[in-house]
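These notes are about the structure you will find just below.
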Amino acid sequence: MEAVFPELTGTAREVTLLFPRAGSPGPRDSSIGGPLLWPAAEPWPMCAEPDHYKPLDPPVGPEPVAMVPVVQLYARDVPGLVFPAGTDLLQILWCPLVHEDGRYAARPSLHWRGTAPTAAGALAGEPPRPHTAYEEFLPRPCTVSPTPAVEYPHWDMPAGLGERLDERFQALQEERGHGYFDVATTQQSKVGGYPGWTQPPSWPDCAGCGTRMEHLLSVTATEPDAGRWLPLDDRDHRREGAGADPAAADSFGHGMNLGDLGGMYFFVCRGCPDTPYTHRYDC
Ligand SMILES: [Zn+2]
Ligand SMILES: [Zn+2]
């Protein structure tokens, strides 16, 4: 990429693509929407926000809502993910209702843990389920296939560079049949790299130190069903004739619309104590 477009030098980022597929992950597996390895001594997160609502539905009522598992990643599965000292397990849950906090989305809760102490006192039964939920924020259980790659900026292209390169991007498309955005950028659930924005970027600054936060991971509504980023195994299933498996396409992704095919983006500050985090949402 940089041989063709030297202007992009320095913008490459390592990313781990997750490729969620509907399945039956267990608490000892990395997953999206799967069961968590949860410490029995720690209360399950409940959301008691007074401003809960589900669009087009009656008000939710005052009872607290159980959060739902969204992401679980073990360090062994995602070598590119930097864990805070003493931890090797990342979990994200969220309240599957809309919050009127300016984002109008599910509200997340993020946890870094050590696997060994957590497993020693793990919750044995089923955790609480939300008494009500907005299905756009309710994932189905998915296995993940973390896959390292290198990507270049899409929405995060340095100011003016996209315009300068646009003509050459089009020439590439005509000459080789694929474009820069198809082969060099990704818009799917991933760890690291560039956020999978579907709208202009909205990078957060850390509330503690004021510096721009680091993109931790993105959970997006869409997964590639064609092109460079479609895994070879899935390509076989999607071909006509022998080996074709229509059900394979139905297994793609966690099933959440996230508004109008948007995404949730998680950010951390590694310079402040306890690795503070925040999120952004677009659709
Ligand atoms: Zn809530
Ligand atoms: Zn900070």
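The values are calculated or read from the model by the stated rules, or taken from the named source; none is laboratory data. Bear in mind that the values here come from a model prediction, so they are computed numbers and not experimental data. So basically every Cβ, Gly included, is an ideal-geometry build from the backbone, and we count neighbours across all protein chains shown. Note: accessible area is taken over every heavy atom of the protein model, side chains too, but ligands, DNA and RNA are not part of it. Shrake-Rupley method; radii C 1.70, N 1.55, O 1.52, S 1.80 Å.
Between T9 and T87, the FRET efficiency from the beta-carbon distance, with R0 = 41 Å, is close to 0.75. In segment 79-123, the alpha-carbon atoms span a convex hull of 112 Å³ per residue. Neighbours of L93 by Cβ distance under 15 Å: Lys/Arg scored +1, Asp/Glu scored -1, total 0. Per-residue surface analysis assigns S24 an accessible area of about 110 Å², computed on protein heavy atoms at 1.4 Å probe radius.
An ellipsoid equivalent to the chain, defined through the eigenvalues of its Cα gyration tensor, has semi-axes of 32, 23, 20 Å when rounded to whole angstrom and sorted largest first. If one takes the longest principal axis of the Cα atoms in the chain, at what angle in degrees, from 0 to 90 and to the nearest 10, does the Cα axis of helix 161-176 lie? Helix 161-176 sits at roughly 70 degrees to that axis. For segment 150-256, run through the chymotrypsin sites (Phe, Trp or Tyr not before Pro) and keep only the ones in DSSP coil with at most 13 other Cβ atoms within 10 Å of their Cβ. Hits after loop and neighbour filter: nothing returned. Which of these, T143, T185, T11, has the largest mean-square fluctuation under a Gaussian network model of the chain (Cα springs below 10 Å)? Among T143, T185, T11, the largest GNM mean-square fluctuation belongs to T11.
For segment 96-202, with all protein chains in place and a probe radius of 1.4 Å, 50% of the accessible heavy-atom surface sits on carbon or sulfur. Taking 0.36 nm per residue of sequence separation and removing the Cα-Cα distance, the M1/E126 pair yields an extension gain of 40.2 nm. GNM remark for the chain: springs join alpha carbons under 10 Å apart, and the peak mean-square fluctuation among R164, R21, R235 falls on R164. Within the chain, the longest run free of exposed loop sites, counting GluC sites (Glu not before Pro) that sit outside DSSP helix and strand states (H, G, I, E, B) and have at most 14 other Cβ atoms within 10 Å, spans 101-239. When the Cα positions of A85, L73, P58 are compared along the charge dipole of the chain, A85 comes out farthest toward the positive end, with charges on each C-beta of Lys, Arg, Asp and Glu. The radius of gyration of the Cα set in segment 141-198, together with its Dmax, comes out at 13.6, 43 angstrom.
In the context of the full set of protein chains, residues of the chain present 48 Å² of accessible surface per residue (probe radius 1.4 Å, heavy atoms only).
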